[in-house]
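Presented below is the structure to which this report refers.
All of the numbers you see were taken from the coordinates with simple rules; none came from a lab. What you are looking at is a predicted structure, and each value in this text was computed from that prediction instead of being measured. When we count neighbours, we look across all protein chains shown, and the Cβ atoms used for this are built from the backbone with ideal geometry, even at glycine.
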Amino acid sequence: MGSWDCYCAICAGPIGRARIAKRSRRAETGEENIPTLEMPDTLIELPAEYERWLDDSDHSDDWDEDEEDDQEMTDIEDENENEVEPEGEGGGEGEAQVTEEGVITSAVSVDNEVEDRGEGEKKKEEQKEEEEDEQDEQGEEDEDEDRFGDDFDGYDPAVLRRRDKAWATMCHVLGFNSKAPGTSKAFVTGPGVSQEYGGIDVQLGSDPNAQDLDTGDFHCYWHWEKGDPVFPFHWPCYELLVLVLTGARDPSAINKDVLYSVMRSISPPLGSVLGLCYSEPDADPKIDPELEQYWESRPGQELLLASPARSEGLRYVVLDDLSRRDFNLLPATDPGLARKSQGDCFARLPWEIVYYILGFISDDSLFKLLQASHFIHSSLHRDATFWKSRISTKLPWFFELHHFLQNDPSASTKDMKGLYLWARHVTKPRFGMTGPYMAIANRRRIWGACQQLADLYWPNLPPPSAAPRPTDLSIRTRTSNPHMSVVSCPIVGREDLRNAFWLLSWEENRHEKLVEAFWDADGYLVGMSVAPKGSPRRLFGLDDSVEGVIVGSVDLDKSVWIAGIDLHIPPLDLSNVSWARRLNSPDDPFVEPSTSPKGVTIHMSDGLAVWLGDVNRDYCIRPLWPAEGHSVVGVNGTIGSIKGKERILRLGILQAPQIGVASTPDKAEPPLQRRCLWREDFYYHAEGLRMVPVGETETTNSDFHLDLLPYHTFRWSQDERDLKRLKRLTAQFIPAGTVSRPGSDFSFEITHGLCNMRAEYDVLPHDARPVARHADIDGTPFPETDLRHFNIDGPGGERVIAVSAVMSDRVVMGLSLETNFGRKVMWQTEEDVGSDWQRVTHGEGEYIAGLALCFGKVCGYDLEPKKSYKNTELSAVAVLMLPCHSGTGTAQFRESSVGGSP
Ligand SMILES: [Zn+2]
């Protein structure tokens, strides 16, 4: 699969990929004085930040390619400067005469021409000459030549200048950052350019929810690696969308979380644009954006690249045109109408009612009605108020016309019905359209897409009074979300961000509270509420008002509060996954594994814990805990559908610093062990435990979201005394795949995946956990082959003091342990694992007690008969450290004899 273009989510137009032809076919086939999108003094200007970005970066290829021809076009335009006429559809001097079908019937032709043949010839000749010069100079073929074809391929330069499409050169993106610290997660970035393979290179901009994100991980419309996609758009399109969604021009008035959820819900798999209708239902199909693998710049479709933005220049041109027209209507189209519509039922209705109904019907219906009812026809024919009101409600995108009606003294002299018919006609998107009304036609088209988004956006806005807000300022203004985790999969489609505050004031904590959890018929957690007894529920998700949902509850005594929450999530069946099957070939339909929380443990401030739902010991544990010095004040997360059933997709807690605690962003984060998914529940609470990742922990996994891949605890010592019994650490390997070496086509090397670890002692310590795991994903025990041992003289005082790892392609390629005796072992999956070793040592006053191991990379694919994976190999590793309690421990563990990386 090659690369592809991604299109603007709002207009479906290209992002920087549009091509202006080198020569104008229209001009060279004899057409003269073709009206351009000529607009004095505007559109030429790029926003300052665009200019800066283009200057600063090496992303300006697309722009540069155009620049070389730009001067040529500017010269031609300069020639024509004095003939800036408001041309195009129905343009020109005089009176446009229109019928009720909206068709221009007078002598005014659709493509009105200015009589200046001499100028036209001159322009044509000049253009030809320059083209010839250019061809001589251009020795080498453009690398895109194959893709773009000949000199006429692209938009007609006589209709659309290169700078006219500058607005579509760059885009911004709407994205979702589950790690954003506040209750809102969606963000809009600064400007950027699109990249190959759905990538996007943008400036993060000033949105606080976008801080510290890696733009290299941005993928438009869908994400290779189970991350959250971003949605690209042109800024002028976004401004239109803001206006449609909010009725105002302030982008901050948009609920970005809801908009993101809406866009995600209509983003098709492997798509490059949203699933909207981007043209009017009755529009000429020839003007539809052709959303192929790459953007097709087809002559005749220039209007798709006409900026929909408001601009002074466009307004000037349109106002000038409007002031010079009088929109005379033809006489009534059918003299026999009065006779035919005798007994007109509308004549018997009160006029106010008729008037009211007419406001709701479409133009098509209205014009049919005008032909059918003489009463309505004669009543409305000169009713300026009616037509003026219809202009404002049915043509909301024609800003220039509204401005004219409000501000121009000549407006009151115009025939409003004629004006309405004319306005509909000249702004109808048409193939081959030219002139300034292209911009308004494109705006009209985009407005339609914005309205479809609005129809999805408005119902999803949370009602203002739905959830109670904290009354206590120290809660309301200082609430943060330390970590929101994916708790379900697969996440496809709609995902609505929701918050529920459970503590509105610190005072409420002195009362008795009721904790409720809600389960659907399949036993999955679908909602939670905590509220003072007797108060209405403070609900996140669904409650038992939904059919089939049942409730479980527990009381919290006075002054007892929630210290933390553990979710119990059935582990994913990793064997049932493959990239090939994800593409869903018909002969191998892929059923994507799914999971969702089934149980909840509530840890309370008095040290007790209660369980609700299914807390099977084989399930994974997802801790949701506040940072030190903070209290739980609520939850936030997303709700959506898993295989057609409403579930909690992501969940995190809302926390606020306790009274008297100053909170800074770095202190608002719980320790790593309370942000990971665990296969066992008992270890992350250990006092003084420190978990430090070796290398990158944020590497994505192509099959599942990292939040759903659990860590296994491999703990070789429960306390320092166990270290004296340790005799051997062993890594277990499995055949994991093959690798070919450059230069030797048929030479394959078997790679070995690190699949398990275990410890041996002279006397087995009580409660040690000497094996990381007991079976691989296919359920069979690990084979006793390819064991690689590392003897340790525990009784003699030897300790592991450093752990190193080297990662590649989501696999731990090498793992190395060093001891205080200067010895080390290197376990490698291949002969050559590279040199990028990351090393972690214990800190002062602590010792290395074990490792946390994530086996998240599937391997050992069984083609026949099972078509599933057998094994997983090590994909992430972290060091677990505990504080030393014996006085002698620390000095002994200091690394004195080993330094540097392995
Ligand atoms: Zn757009």
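Annotations
- F782 long-range amide H proximity, modeled H, under 5 Å: D776
- Among the listed pairs K394/K428; K286/K368; K368/K388; K185/K256; K645/K870, those beyond 18 Å (Cα-Cα): K286/K368; K368/K388; K645/K870
- Ellipsoid semi-axes for segment 187-270, based on the Cα gyration tensor and the rule √(5λ), read 22, 15, 12 Å when sorted largest first.
- Between E290 and E296, the built amide H atoms are under 5 Å apart, and every one of these is 5 or more places off in sequence or on another chain.
- Calculated log₁₀ intensity ratio I(q)/I(0) where the Debye formula runs over C-alpha points of segment 518-559, q = 0.31 Å⁻¹: -1.13
- Residue-wise HN-Hα coupling along segment 234-244, computed from phi with Karplus coefficients 6.51, -1.76, 1.60 (Hz; x: Gly, Pro): 6, 4, x, 5, 5, 4, 5, 5, 4, 5, 5
- Of the peptides 778-784, 159-165, 655-661, the ranking by mean beta-carbon count within 10 Å, highest at the top, reads 159-165, 655-661, 778-784.
- Computed 3J(HN,Hα) for segment 20-34, one whole-Hz value per residue from the Karplus formula 6.51 cos²θ - 1.76 cosθ + 1.60 where θ = phi - 60°, is 9, 5, 6, 10, 8, 5, 4, 5, 7, 9, x, 6, 10, 6, 5, glycine and proline marked x.
- Segment 462-670, Cα convex hull volume normalised per residue, Å³: 141 Å³
- Sorted fewest first by neighbouring Cβ atoms within 10 angstrom, E830, E628, E547 come out as E547, E628, E830.
- Protection proxy ranking, peptides 411-418, 471-478, 172-179, 356-363, average beta carbon neighbours within 10 Å, highest first: 172-179, 411-418, 471-478, 356-363
- Alpha carbon convex hull of segment 773-873, volume per residue in cubic angstrom: 142 Å³
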